[in-house]
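Heads up: the structure comes next, in structure tokens.
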Amino acid sequence: MIDCLFLPADCAAELSAETLLYWQPANGEGAPLRWADCASELSGRSLALVLPMAVVSACAVKLPTVKARWLRQALPFAVEELLADDVEHLHLGLGECMVDGRHLLLAVRRSLLQGWLVQLAAQGLQVAAIYVDADLLPRDGTQVLLHGEHGLLGGAGELRLAFTRAAWPSLAASVEEPFELHEQACPWPLLAAGQAQAINLAQGEFAVQQGSGQWRVWRSVAALAGLWLVLQLGFDLSQSWYLQRQGDHYAAASQALYKELFPADTRIVNLKAQFAEHLAADAVSGQGAFFGLLNHAVTALGDAPNMTVQQLDFSQERGDLALQLQAVDFASLEQLRQRLQQAGLQVQLGSASREAQGVSARMLIGGGA
């Protein structure tokens, strides 16, 4: 158990000098602290940053694997339908497996968490762990904590909730399971004692590094702090260059695919028109199914300039077309799948994984997809 630094329930993204936090040491009495005083009071201490549940989403999810090396890659696919925000913008904290085989998961907007950590690092504060206040409640059944005008709900189940005291009477009537009510003016020791069983959000890109006998701040946070100004000034230029490069790459890939399919055509004048001509000529042949699917794929890919085809396979027996795709993000793959489905095709997206260049996935079109 280490010292806890609690952010207020209504904490803004930018901590002002008058922002009132609460410091609960591992041993002894805690005290409220203004942000302006945190550096002088807490510098050199190893701290657990406690986020307010008001900025966090919680859910329980069934994962398709138990192997640790694959869990984080499977997370975005497992939770994207359960969370309101785009999963690409969220940092996901995975808890231990529950009795029913599901995992409890906490999600917070990545930019918000990064911003707070940058500000803490700038003040010389050493964050060794990241928790959420509602997740620190005891795990003995359902737990409810009321303090001041705020309330938290947590405990052994998957429910994690922040609410106002005024909303508690109506909320209490909807809680089906028996619960234990804690009404405390100073709940910080109770919450700090729950660190052992709580989900530590210092995972993945926010995993804490240790060196020279002391905890260090995350690499991603340090990089963000150092390159913030450069990225802001160079964003427009780099974005323009990137899109132009992707467009050229896609055009070159399309021509290469055409030459592979029709090696007899040595001169390409109008790629789309020549494709259509070949499709019309082969529509009555045994290759009609292949070119029909290919035509739909080329049309859909024409609206996705940031996506490339790495491999193409056609099964005449099953009547399906398999594409190995490289995309910028999962959202681009989903948009391509929806365009193909709107064209009346059966589409199956699978074998997706995140790589350094983006997202790689296999898409099956037609047949029994």
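Readers should treat all values here as calculations from the given coordinates under stated rules, not as data from a laboratory. Fair warning: this is a prediction, and the values are worked out from it, not measured in the lab. As a convention, Cβ positions derive from the backbone with ideal geometry for all residues, glycine included, and neighbour counts pool all protein chains shown.
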Checklist entry - Nearest 10 degrees, 0 to 90: what angle lies between the long axis of helix 219-261 and the longest principal axis of the chain (Cα atoms)? => result 20
Item to check | C-alpha long axis of helix 288-301 to longest principal axis of the chain, angle in ° | outcome: 50
Checklist outcome for this item: Under the 7 Å Cα-to-Cβ spin-label approximation, CYS97 and ALA251 lie apart by a distance in nanometres of 5.2
Checklist entry - What FRET efficiency do you get for VAL230 and ARG354 if R0 is 22 Å and r is their Cβ-Cβ distance, rounded to the nearest 0.05? => result 0.30
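With +1 on each Lys and Arg Cβ and -1 on each Asp and Glu Cβ, and nothing else charged, work out how big the dipole of the chain is about its Cα centre, in Debye to the nearest 20. Before the final figure, lay out each step's value.
Details: 23 positive and 37 negative charges, 191 e Å.
Once rounded to the nearest 20, the dipole reads 920 debye.
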Item to check | Ranked list, fewest to most other Cβ atoms within 10 Å of each Cβ, for TRP188, TRP23 | outcome: TRP23, TRP188
Checklist outcome for this item: Placing each pseudo-label 7 Å from Cα in the direction of the beta carbon, GLN342 and LEU181 end up separated by a distance in nanometres of 5.2
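Quick one: which of 152-162, 309-319, 33-43, 293-303 comes out on top by average Cβ neighbours within 10 Å, and what's the full order, highest first? It would help to have the intermediate numbers written out before the result.
On the way: 152-162: 20.2, 309-319: 12.8, 33-43: 15.0, 293-303: 17.8.
Top of the packing list down: 152-162, 293-303, 33-43, 309-319.
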